[in-house]
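Below: the structure, in structure tokens.
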Amino acid sequence: METINGKIRVHAGYHKCLTNYSKKVYIRLCERSWSSAQSFKHFHHKLDLFYDECQQFDICSISGNYIDLDRFEDIRVVRVIRDPRDLIISAYFYHKRAAEPWCKQINPTDYDPGWKKVRGAVPANLPTDYSLAKYLNEVSMEEGLHAEIEFRNHHYQSMLEWPDNDPRVMLFRYEDIIGNEARVYWKILSFFGFSIPTRFIGSQLAERLSAKNKQTIVNHIRNPNNGQWQKYFTPGLIKRFNELYGEVLDRYGYS
């Protein structure tokens, strides 16, 4: 396979894991004329497109995928993860209000453009002539959360594909970013190798756009606190989640 040349700098996260927030930080950073980062693109969950176009941008972001690090001459990846159970809760309330058009698609398949954009797995119990949003609004919360657990399958599988302790990868937990945005983005931009002025303005933007300072961010992520799953997960949900994704919890230290 042909090597992808150049310095590739990537922010790799997951749906409902500060994706919208990180995009705003990088976009505004690249708008500054004196920033050493001048171009940014978010590739959603489109891995093939990322491989094809990543060389064109100073910073890229992609969600829900493992990246084959050995395809690159020079790559640095910042990964952002969140307690996988809290991802379920955040996505449930977000999808229930049909916050994105694909949530309202009737009879979706995993291969429909909207669902491919978020790399979602269509829940097995989704009835004919239903959208995900309609289903979540008609069934019990427990049934809806079971559907969200299925929706996340591809994302959680990708979490297990990433290597441990690779010097090309820096890992941050969502729970450690909230309240420490300026410090974290200074570390991110330093790891990417950008200039000190770029790190400085990036850390300022990260603070200014943080949930505690921007009501629009709060509305998008609904509730930035961790441990929400403990309020909503029934014993049945806990059992099912641990059966399917207990390895993910162990891998990333979420008890």
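Given the stretch 128-205, what helices (runs of 4 or more DSSP H) lie entirely inside it while holding 3 or more residues that are surrounded by 14 or more Cβ atoms within 10 Å (Cβ to Cβ), of a type outside the set (A, V, I, L, M) and within 22 Å of the chain's Cα centre (by Cα)? Write out each step before concluding.
Details: elements: 132-138, 141-151, 153-161, 174-177, 181-192.
Helices (runs of 4 or more DSSP H) meeting the threshold: 141-151, 153-161, 181-192.
Go over the candidates Tyr130, Tyr51, Tyr111 one by one and state the one that is touching a residue at least 24 places away in the same chain (Cβ under 8 Å), of a type in the set (Phe, Trp, Tyr) and more than 17 Å from Ser158 (Cβ to Cβ). Outline the logic, then answer.
Values: Tyr51 fails: more than 17 Å from Ser158 (Cβ to Cβ); Tyr111 fails: touching a residue at least 24 places away in the same chain (Cβ under 8 Å).
Testing whether each residue is touching a residue at least 24 places away in the same chain (Cβ under 8 Å), of a type in the set (Phe, Trp, Tyr) and more than 17 Å from Ser158 (Cβ to Cβ) leaves just Tyr130.
Just name the residue that is surrounded by the fewest Cβ atoms within 10 Å (Cβ to Cβ) out of those in the stretch 206-243 that are among the hydrophobic types (A, V, I, L, M, F, W, C) and at pLDDT 95 or above. Write out each step before concluding.
Initially, the stretch 206-243 is screened for residues among the hydrophobic types (A, V, I, L, M, F, W, C), giving 206, 209, 211, 217-218, 221, 229, 233, 237-238, 241.
Filter once more, keeping what is at pLDDT 95 or above: 206, 209, 229, 233, 237-238, 241.
Values: Ala206: 26, Leu209: 19, Trp229: 20, Phe233: 19, Leu237: 19, Ile238: 13, Phe241: 22.
Within the stretch 206-243, the match that is surrounded by the fewest Cβ atoms within 10 Å (Cβ to Cβ) is Ile238.
Just give me the residues in the stretch 5-57 being assigned to a loop (DSSP other than H, G, I, E, B) and under 26 Å from Pro113 (Cβ atoms), in sequence order. Can you show your working first?
First, pick out the residues of the stretch 5-57 that are assigned to a loop (DSSP other than H, G, I, E, B): 14-18, 32-39, 43-46, 57.
Answer for the stretch 5-57, where residues must be assigned to a loop (DSSP other than H, G, I, E, B) and under 26 Å from Pro113 (Cβ atoms): Tyr14, His15, Lys16, Cys17, Leu18, Ser39, Phe43, His44, His45, Lys46, Phe57.
With the structure loaded, tell me whether Glu100 is closer than 28 Å to Gly227 by Cα and modelled with pLDDT under 95 or whether it fails that test.
On the way: closer than 28 Å to Gly227 by Cα: yes; modelled with pLDDT under 95: yes.
In short, yes.
Among Tyr14, Tyr21, Tyr26, Tyr92, which is more than 24 Å from Glu207 (Cα to Cα) and modelled with pLDDT of 95 or more? Full working, then the answer.
Details: Tyr14 fails: more than 24 Å from Glu207 (Cα to Cα); Tyr21 fails: more than 24 Å from Glu207 (Cα to Cα); Tyr26 fails: more than 24 Å from Glu207 (Cα to Cα).
That would be Tyr92, the only listed residue that is more than 24 Å from Glu207 (Cα to Cα) and modelled with pLDDT of 95 or more.
Which residue pairs have Cβ atoms closer than 6 Å, lie 6 or more positions apart in sequence or on different chains, and pair a first residue in the stretch 77-104 that is more than 17 Å from Asp250 (Cα to Cα) with a second residue that is of a type in the set (Ser, Thr, Tyr)?
Listed pairs, sorted by first residue: Ile89/Tyr232; Lys104/Ser131.
Which one is farthest from His11 (Cα to Cα), of the residues in the stretch 77-92 that are in contact with an Asp or Glu (Cβ under 9 Å, 6 or more places away or on another chain) and not aromatic (Phe, Trp, Tyr)? Break it down stepwise before answering.
If we filter the stretch 77-92 for residues that are in contact with an Asp or Glu (Cβ under 9 Å, 6 or more places away or on another chain), which is where we start, we get 77, 82-83, 86-89, 91-92.
Subsequent filtering for residues that are not aromatic (Phe, Trp, Tyr) retains 77, 82-83, 86-89, 91.
Working: Val77: 6, Arg82: 14, Asp83: 18, Asp86: 20, Leu87: 18, Ile88: 21, Ile89: 23, Ala91: 20 Å.
It comes out as Ile89.
Residues being in a helix (DSSP H, G or I) and among the hydrophobic types (A, V, I, L, M, F, W, C): count how many of those fall in the stretch 66-86.
Residues that pass the stated criteria total 1.
Identify, by number, the condition in (1) farther than 30 Å from Met1 by Cα; (2) buried (at least 16 other Cβ atoms within 10 Å of the Cβ); (3) more than 17 Å from the chain's Cα centre (by Cα); (4) in the same structural domain as Ala211 (by TED's automatic domain parsing) that Ile75 doesn't meet.
Result: Ile75 passes all but (1).
The values are calculated or read from the model by the stated rules, or taken from the named source; none is laboratory data. For clarity, every value in this text was computed on a predicted model and none was experimentally measured. Note: ideal-geometry Cβ built from the backbone for every residue, glycine included; neighbour counts use all protein chains shown.
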